[in-house]
Each structure stands twice: as structure tokens, then as C-alpha cells.
1. Scan the range A:40-57 residue by residue and report those that are within 20 Å of A:Val131 (Cα to Cα) and in contact with a Lys or Arg (Cβ under 8 Å, 6 or more places away or on another chain).
2. Just the residues that are within 19 Å of B:Asp246 (Cα to Cα) and touching a residue at least 24 places away in the same chain (Cβ under 8 Å), please, taken from the range B:65-102.
3. Considering only the range B:190-200, I want to know if a residue exists there that is assigned to a loop (DSSP other than H, G, I, E, B), aromatic (Phe, Trp, Tyr) and buried (at least 20 other Cβ atoms within 10 Å of the Cβ).
4. Identify the single condition in (1) at pLDDT 95 or above; (2) over 20 Å from B:Ile6 (Cβ atoms) that B:Val209 does not satisfy, given that it satisfies every other one.
5. Of everything in the range B:401-450, what is touching a residue at least 12 places away in the same chain (Cβ under 8 Å) and not in a helix (DSSP H, G or I)? Give them in sequence order.
6. Please go through the range A:124-154 and give me each residue that is assigned to a loop (DSSP other than H, G, I, E, B), among the aliphatic types (A, V, I, L, M) and surrounded by fewer than 23 Cβ atoms within 10 Å (Cβ to Cβ), ordered by number.
7. Among the residues of the range A:3-32 satisfying the criterion of being within 14 Å of chain B (Cβ to nearest Cβ) and not in a helix (DSSP H, G or I), which is nearest to A:Leu211 (Cα to Cα)?
Amino acid sequence: MKIFATYNIKGGVGKTSAAVNLAYLAGEAGYRTLLWDLDPQAAASYVFRVRPRVKGGAKGLIRGARPLGDAIKGTDFDLLDLLPADFTYRNMDLALDKAKKPARQLSRLLGPLAGEYDIVFLDCPPSISLVSENILHAVHTLLVPIIPTTLSERTFDQLTGFIDSLNGSRPEVLAFFSMVDRRKRLHRDITERLPASRPGIASATIPAMTLVEQMAVRRAPVPAFAPRSAAAQRYRELWAELRTRSGTADPATPG
Amino acid sequence: MLARRIATALEPRYSIAQETRRRERQVWLDTFDWRLHSAGLVLRQLSTGSGRGGHSMGVTGSRPSAELVLTTDAGEQVASAPLGSPRWPALLDAIPAGALRDRLDPVAGVRALLPLARAEGTMTLFRVLDGEHKTVARLRLEVASLAQPVGGTLPARLVLTPVRGYQPDTDRAARLLAAADGLVPGSRSVFQAVLANTGRQPGDYRDKVAVTLPAPAPARAAVAGVLLGLADTIEANVGFVIRDVDIEFLHDLRVAVRRTRSALKLAGDVLPRDLAARFAPEFKWLGDLTTPTRDLDVNLAGFGDLAGRLRAAAPADLEPLRVQLAQRRVTERRKLLRGLRSARFAELMTAWRAALDDAAAARPRRGRHQGPDAGTVAADRIGRAYRRVVKRGAAISAAGTAGGPPAEDMHSLRKRCKELRYLLEFFGSLYEPAALRRAVKDLKGLQDCLGEFQDAQVQRDEIREFATQMLTQRATQGTRRHHRPAPPGPGELAAAPRRWQPAPAGPGAGELAATLLAMGELTARLDAQQRRARAEVAGRFGEFAEAGVLRTLGIGGRAAMS
């Protein structure tokens, strides 16, 4: 079971869009996929029309009052399930802090799902917290959406520096440019220059397109309601890159 | 129409959205002897006309053109597998390796899957949506009519499948559907409707035959009835043997012939005069015709097991033997088919049936006795067969030869045991079922031991025969090679003068040696198996003799027959 997470300290950079679309594409490719909406804002749960409620809340999950599997909901799409958000996730740090080995709790919770899923996507809330540290320990590849600005180079270096400072298992980092506007010269410059000097940056970029924003209106992933669109194509490229870079084996069950 | 009724039943809490609709063909499959049905399983092949499903809510991965789905009688899915372009009947290896084949293997074994019926119709998939337009369940509506072997209507089938995490919604939707007019919770499976239409009855083929008449009925009619049943078995299997569908058809045919011969030998005297004498040689011919192919079938089916037991040699060393067996089977099957397609066989079966029908129906001429009754004949023949077993067995036990009795005595005792077993089967219905079961069980222990010995003996003889053949073949090929060297290849004529040379020992000599050594090891293993059986036989016989089969069945001393 491969675990991926979309993560950034900042909000509104395209984390949820990436998590939703990549998870959909993984299911489409034949991987048994779970998307865990860890963000109390519950945007991913909303897109999949799943009520953002988990019995027992964050505390119940972390204490192990009920198995994680009980809270999973099937989406409208084959092979793609969702672990919905819950408003109590905003206090997840507190619940984690009370547990033993607080930074390893998410890994422990996900362990029993290994036989059921090939891929897990974590859609993370924007912050640096105990939750983020848990995520960094649990995942194989950290997907980091970056908006191409002058600060993006610095943001990327800060993040890789932080990850390098971690003890124990560290995730691979795959950053990708998000909300790219090719009409802006700055965007063009940075998306061309930065990947040449930083190895962890994907060549696929996600454009700023109204179609991506439409996900919240259509309440479905882009490749589901506009499979031939340019936006869907870009997410497919990103998915292909993630799959190759993470060394994800072919799915056992053909889609 | 039906979709409208479903939608109305679910309103206002749920709505439905059609996902796909496609033409679908269904084929129900089982083995000839209903093994799947006996195990509470239903196997269906579903295929779409276009070869593509187009299912699944925007997920666009390609889907197989056909799918095999195994369910329980109650309709719960057990396993499924994609399938290319299957042609039925087929053996299990036509199914891709995986959960479905693993589940079927212990049930169907070497038996082929045969199509029982074929239906054509449409399959429509709906999503059941809640107020948020979230899919909470899926509905599959199958509307089909039987196309083969006969036409007929089938009840429409509606299957509701929950989406994970939405079981309460699925339960609620199921309740709403169950309360709707014209929709009945499926107690009677579509498979039962298929069978009712085709007139088939699960278990309508059995490889066992027993008298169906009561004990006071004339023995002549009872024995003729048994033989007619055996003739049915022979004829039910012969077509499948000719098509080489699976190896059990030949086995069942052969057992029916052997039972026929035993019945003629042991109770043929109650039939009209000359009938047994007339037909016995013909059934011997038929039995002999089937022997070589059956022996090869057994060897090839058990080959993997046998090769796996090798310790000093590698299983691959035996491959030339397997090839030899397979080639020999092709030749032997040709002879078998010539026999089964011959006028001699056709005439035998026609004349045999006519004679048995006469025997079963014939009334004795006025003033003449109608002959002994079935009960008396059964007691008499079982009694005699039992005493023959006891006599041979006692002789074997008394001889106390070091290492056990000689092979011929073991074989002879085995044949006597078989005769007793067949008589118990033919006349079994005249006795208490529990008593009969116990009698058969007592006999079976002894039979198993003797069977193990004899099977090993047959295999040893065959291995020796094959080894001789392989060496002879190689010697012949060597001589040919010596006299006829390969013609020169292009460009070789200009080379140094070619000299005649004896054929080299050549590649294959090493391979042959490895095969023969492996065969030697197998022989040693079979010898050990025989020693074990030999050492056991006296003890097994003692248990059998003590059990007192006749007493169990309530057959007293020497039955007197008029």
C-alpha cells in the first residue's frame, strides 16, 4: 500500500483539487484507492457528496474506539473510497498529543488497511503541526502544490530543509506548480527555471482554469465530468509522473 | 416500464439514475454430475454483445468481454473472473488462475464445465441516489429469456448492492422495493426457473444404479431393470467420450460396462435363457476397448503428483515419459473412437436394450413359474460372493508368506471384493439403508488396501513397458541416423571431403538416462507402496471378516434358491 499526501503550509494552493483528481485517476487505473479528507473544512468530502461526519470524531479514531474501516464511505466511482472529514479534526493535534508516540499515530491507524487498498491519498489541512509531522512519517511521497511566485523557491527549500531535519523515515518530495497562469511572465519564468535547479519538482503543471474551480459546482473530479479537457490531461500527466517517481507497481486488479 | 415502477417504489426518499444498459448473454454451467449444484453453487457466464461494458460512472478502464460469476444458491457472490472467448464445455484450466478457479477446483476437479442453458436479454444498471444525489446503492435489473436448450421466459431479476458505508440506505431501499406491487423478494432463484424450463432435475445423472423394485418382484425384472439403468449410463456418456470432454465420462462408461459384466456373471441366470451367454462376450469387447485409454488418463492425471514425489531425480526428468504417455493416448483414443463409432457398438446397444425390455416385461407362459423373487436372489448371490471373499481372504491370511501374499492372490481377492460390492449396489435398495452403509464401509476398507496394491502394480508394469519402448525407439532412430546422414547444407560442398561416421550418442542420451533413472525411482516408490498394502491386507481382511457383512444385512446362512 502506497501512501501519498497533498500538503502545503499555505491554504488555497490546490491541495484538495490535486488529492481529489489524483485519487480518482488512481481508481480509474485499477488501484483500490482510499482518499482520507483530513481537512476539517471538508472540501474533498463535499466534492464526493459525502456527509463530513465520523462517528466518535478525531478522538474516537485515534483512541481506536472503532476501526478506521467503519468510517469509510464508497464514492460514486469504482475502486475509490473516502474517509470523510469531521469538524473535530480541527482538534486532531490535541487527540494526537495524548496518544503514545504521537507523531506515529496515522501510520498505526492506516496499517490495518494495507490488505484492502493499493493507494491511500491524504488531503491535509494547511499548517505545521503534530498532524503534519504524522503525515510526514506516514507517507511515501509528499505532493506539494506551489504557486509560481518569487517566494516559491524559498518555500520549497524551507520545506525540504524541514523534512531533512526529521528523524526516522522521511518521505520523497514531489512538488508541482499549481494554479499556473501562462499569460503571466513571472509564472512562465519560474515554471521553466526552478525545475532545472531543484530535483524534486514535477515537470507536469496544473493550470489555473475555471474547470478546476467547477469541481465544487459539479461535485465530481475533473476527469469524471470533463475527461477530454486540458485540465484533466494535466492531472493525468501529474498522476503518471507520481506513479513513476514513487515506483508504484501495476494494479493487481485491472480496471 | 419496470424502471418506472422501481423509481416510483423508491420515491420520494431516493431517485434512480440509469448508468448503463446493454444486451447480455448468460450461460449457466455445471459439471455433468451436478457437482456445483450439490455444493450449493451457481456458475454463470455473463457476456455483452459488444464486448465492452462501458460500466462504472466515468471510470473508463477496459472491461473483459465476458465474466464468470460464482454465487451461492441464495445469490451471494463468491468469486468472479474475466474470461476471453470461452468455448464450453471446457476444463477448469480455461479459467484464469485466481480466486474463482481456486474455489471451483476442489468442487469440479477434473470434470469439465458444461453449458446447462443460455439466456439472452438486457441488463440495466441504475444508481440509487439520496437527496444529495450521492450514490448509496446500485441496482442491477436483468430481463432475459431462455434461448437454449429451449425457449422460455425467466422472471426479471433485480439485485440491490450497497455502496460501502451506506448499508442503512440499502436496507431502506430494499424495504421500499419489497413493498411495491409486482416486486417479490427473490426466494426462488432464476436458476431454478431455468431448470424448470429446461426440464432438467439436479442430480438427474448418477453413476450408481440400483434395483427399484420391491423384494417380492421377480428377480428377472429387477436384474433387467438394473441392466437397463447401466445401459442408460453407457449411452449418456458415450457422446462425451467421443468429444473428449473430460476423463470422467470414459471412467463412468467403463464402470457401467464392468457392472454390466458382473451382473451378467453373477445374476445373469435369472434372465431369459442365452441372454447372458449372448451378450457377455460383446461387453467384454467393449470393456477391453476402453482399458488402454483409461489407464493413460489415470497416469496423465496423476502425473504431476507422481513427479512431485521424486526425491533423487527432478520432476523435469520425467517430461519425456509424459510426452510419451500423451502421444500414446492419441493413438489409443483413435482405436477407442473407431470402436465406439462402429456398427458393432451401435448394434450391441440396440439389441441389448430390446432384449432387456423383453426380459423386464415378459410374463411367464401359462403354468410356468415366474422364477425366483428379487429378495431371494439378492440374498443368495450376496451370500455366495461374500463366501468367495472370505475363502480367498482366509487363504491369504493363513499362508502367512513373508512380505505378504503374492500379487496374483491379491488381485484375485480384489476381483471377488468388487463383485460383492457391485451386488451390494445392485440390490442395495432391498436392505436397510443404515445396514447397507455399514456393510459397504466394512468392505471398502479392504478394497482400498487391495486397490492401492493393484494400482501400483499396473503403474509399475506400465513404467517397465514404457522404458522398453523408449530404448527401442532410440535404438531405431540411432540406426537410421547411421545410414542416412543429413544432406549437406549450402556452402558445405566446398569443404573438406565428408566422411561417413557412426551416429553420435547424440543429445538426448543424457536426457534419456535421466528419465530412466527417474522412472527407476518411481518404481522403487511404487514398490514401497505395494509393500505397505501387502503388510496391511491380512489385518484389513480380519476386520472385514469380523464385521460380519451378512449378519449386518440380515442375510442368514446358506440361502437356498429354487
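1. Initially, the range A:40-57 is screened for residues within 20 Å of A:Val131 (Cα to Cα), giving A:40-45, A:52-57.
Within the range A:40-57, A:Pro40, A:Ser45, A:Lys55, A:Gly56 meet the criteria.
2. B:Pro86, B:Trp88, B:Pro89, B:Leu91, B:Ile95 - these are the residues of the range B:65-102 that are within 19 Å of B:Asp246 (Cα to Cα) and touching a residue at least 24 places away in the same chain (Cβ under 8 Å).
3. No, the range B:190-200 contains no residue that is assigned to a loop (DSSP other than H, G, I, E, B), aromatic (Phe, Trp, Tyr) and buried (at least 20 other Cβ atoms within 10 Å of the Cβ).
4. Exception for B:Val209: condition (1).
5. B:Gly403, B:Gly404, B:Pro405, B:Phe427, B:Tyr431, B:Glu432
6. Taking the range A:124-154 as the starting set, the residues that turn out to be assigned to a loop (DSSP other than H, G, I, E, B) are A:124-129, A:139-140, A:147-151.
Still in the running and among the aliphatic types (A, V, I, L, M): A:128, A:139, A:147, A:151.
A:Ile128, A:Ile147, A:Leu151, listed by residue number.
7. In the first step, residues of the range A:3-32 are kept if they are within 14 Å of chain B (Cβ to nearest Cβ); the result is A:20-21, A:23-32.
Add one more test, that the residue is not in a helix (DSSP H, G or I), and what stays is A:29-32.
Working: A:Ala29: 22, A:Gly30: 25, A:Tyr31: 25, A:Arg32: 26 Å.
Result: A:Ala29.
Results for (1) in the same structural domain as B:Val42 (by TED's automatic domain parsing); (2) of a type outside the set (D, E, K, R); (3) under 18 Å from B:Gly121 (Cβ atoms), shown as yes or no for each residue.
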residue	(1), (2), (3)
B:Pro162	yes, yes, no
B:Tyr166	yes, yes, no
B:Asp169	yes, no, no
B:Ala174	yes, yes, no
B:Ala178	yes, yes, no
B:Val184	yes, yes, no
B:Ala193	yes, yes, yes
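The values are calculated or read from the model by the stated rules, or taken from the named source; none is laboratory data. Everything numeric in this text was worked out from a predicted model, so none of it was measured. Glycine also receives a Cβ, built like all others from the backbone with ideal geometry; neighbour counts cover every protein chain displayed.
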